[in-house]
Amino acid sequence: MSESFKAAIVQRVFRNFLDVMLLRIVHAEPMWGYKIIKQVKEQYGVRLRHGALYPTLNTLERKGLLRSTKETKAGRIRKVYKITLKGTKLVEAYNEVLKEQM
C-alpha cells in the first residue's frame, strides 16, 4: 500500500472515530490536552487541532466517558483526563467490533 493511501485512510478513520481514538489514547494513561496532541501525532501521524480536541474532550466528559481533574505541576495548572469505567467499556466494545470485522 502506498504511503499516501495509508495516510489518507488513517486521517479518515481518525476524523470519523475521533472520540473513540481519544478514549483509546487516554485509556493507556491519564493525560492533558497538549500531551494528547503529541500522542496523536506520534501514534497516528495526524495533526490534531485544539478546535477539534477540546470540544470532543468536553463532550466525552459530559457523556461520562472521561473525567478530568486539575493538577498543578511546576506551577502550571493542567486539566488531566482519565477514562471512566463507562469509557473503558466503550473502548472494549470498539476493539471487539474491529476484531469481528477483521
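Of note:
- The numbered conditions (1) of a type outside the set (D, E, K, R); (2) assigned to a loop (DSSP other than H, G, I, E, B); (3) within 12 Å of the chain's Cα centre (by Cα) are all true for residue 43 except (2).
- Condition check for residue 73: basic (Lys, Arg) and at pLDDT 95 or above: no
- Sole residue being more than 20 Å from residue 95 (Cα to Cα), free of Cβ contacts under 8 Å to residues at least 60 places away in the same chain, surrounded by 11 or more Cβ atoms within 10 Å (Cβ to Cβ) and β-branched (Val, Ile, Thr), chosen from 25, 9, 37, 77: 37
- Any hit, the stretch 9-30, residues being in contact with a Gly (Cβ under 7 Å, 6 or more places away or on another chain), outside any loop (DSSP other than H, G, I, E, B) and at pLDDT below 90: yes
- Criterion violated by residue 63 - all others in (1) out of contact with any strand residue (DSSP E or B) (no Cβ under 8 Å at 6 or more places or on another chain); (2) within 19 Å of residue 87 (Cα to Cα); (3) buried (at least 17 other Cβ atoms within 10 Å of the Cβ) satisfied: (3)
- Count of the stretch 58-102 residues which are among the hydrophobic types (A, V, I, L, M, F, W, C) and in contact with a helix residue (DSSP H, G or I) (Cβ under 7 Å, 6 or more places away or on another chain): 6
- Residue in the stretch 76-96 that is among the acidic types (Asp, Glu) and not in a strand (DSSP E or B) present: yes
- Cβ separations smaller than 8 Å between residues 6+ apart or across chains give the following pairs from the stretch 81-102 residues that are among the aliphatic types (A, V, I, L, M) to residues that are part of a strand (DSSP E or B): 83/66; 91/83.
- Among the candidates 71, 100, 92, the residue that is over 11 Å from the mean Cα position of the chain (by Cα), under 26 Å from residue 8 (Cβ atoms) and surrounded by fewer than 16 Cβ atoms within 10 Å (Cβ to Cβ) is uniquely 100.
- Every pair of residues 6+ apart whose Cβ atoms lie under 8 Å, when the first sits in the stretch 47-64 and is assigned to a helix (DSSP H, G or I) while the second is surrounded by 11 or more Cβ atoms within 10 Å (Cβ to Cβ) and polar (S, T, N, Q): 57/68; 61/68
The values are calculated or read from the model by the stated rules, or taken from the named source; none is laboratory data. Since the model is a prediction, treat every value here as computed from it, not as a measurement. Reconstructed Cβ throughout: ideal geometry from the backbone, glycine too, with neighbour counts over all protein chains shown.
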